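Structure record follows, encoded as structure tokens.
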Amino acid sequence: MMKRSEPVTLTNMCMIKKKDKILVLDRNDPVWPGLTFPGGHVESHESFHDSVVREIKEETGLLIKNPHLVGVKQFFDKNDERYLVFFYVATEFTGTVKASDEGKLTWMTKEELTSKKLAYNFDHDLPVFFDKNLSEHLLDGKIDQTY
């Protein structure tokens with residue numbers, strides 16, 4: 001019989017919007033450096049919603065309200081285990097932007113963001129955040145598709 005469960009890494013990422021600006025993180029992580037959106041790992045027994053609220057607070061100092069799930073990215077890591085990233089958008093928040101050890105934070109327009117050096121493959125994630133008709137970015141060794 002086929003196994004019904006598998007090991008998986010659960011993470012999130014959130015595009016925070018303020019009028020025509022987006023909060024962008026310049027990650028200093030050697031494994032995945034460059035421009036992306038803030039986010040992080042879902043902890044054991046934590047809801048996806050609570051995890052994105054917590055991660056954004058930790059990485060930006062902002063308390064987001066009503067984050068909206070807009071899509072998901074999945075790929076298989078170096079151990080061939082599934083890795084999921086839940087993509088959120090938040091337009092409501094309180095607090096003041098305060099950078100963490102993760103990297104520098106900057107408000108940019110979409111045009112500014114797309115003209116810069118992005119984190120590896122993040123250019124393929126961006127359409128899921130901006131196009132309401134897309135909901136998934138699937139990445140594996142052979143295929144890089146957005147649905």
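Against the main long axis of the alpha-carbon atoms of the chain, helix 48-60 sits at an angle near 40°. A crude spin-label estimate for the pair E6 and W32, with each label 7 Å from Cα along the Cβ direction, gives 1.8 nm.
What the phi angles of region 12-26 give under the Karplus curve with 6.51, -1.76 and 1.60, with θ = phi - 60°, is a coupling list of 9, 8, 10, 8, 9, 10, 9, 6, 9, 10, 10, 7, 10, 9, 9 Hz, glycine and proline written as x.
DSSP assigns beta bridges within the chain; of those with both partners inside it, close to 65 percent run antiparallel. Using R0 = 30 Å, the C-beta based FRET efficiency linking A99 and N79 works out to 0.45. By definition, a body whose alpha carbon gyration tensor gives a ≥ b ≥ c is rounded when a/c is under 1.5, and region 8-141 falls into this rounded group. Taking amide hydrogens as placed 1.01 Å from N in the peptide plane, the amide H of V42 sits under 5 Å from those of L10, T11, N12, each at least 5 positions away in sequence or on another chain. Note on the chain: helix-only mean residue ellipticity at 222 nm, from DSSP H runs of 4+ residues weighted -39500 (n - 2.57) and normalised by residue number, equals -5000 deg cm²/dmol. Past 30 Å, Cα to Cα: identify those pairs from K57/K116; K17/K78; K18/K116; K3/K117; K73/K117; K19/K116, in the order given. Violating the 30 Å limit, Cα to Cα: K17/K78; K3/K117. Relative contact order, whole percent, for region 7-118 stands at 36, derived from Cα pairs under 8 Å and 6 or more residues apart.
Read the figures in this text as sums done on the coordinates, not as results from a lab. Predicted model, so just to flag it, every value in this text is computed and none were measured. Quick reminder, even Gly has a Cβ in these numbers, built from the backbone with ideal geometry, and neighbours come from all protein chains shown.
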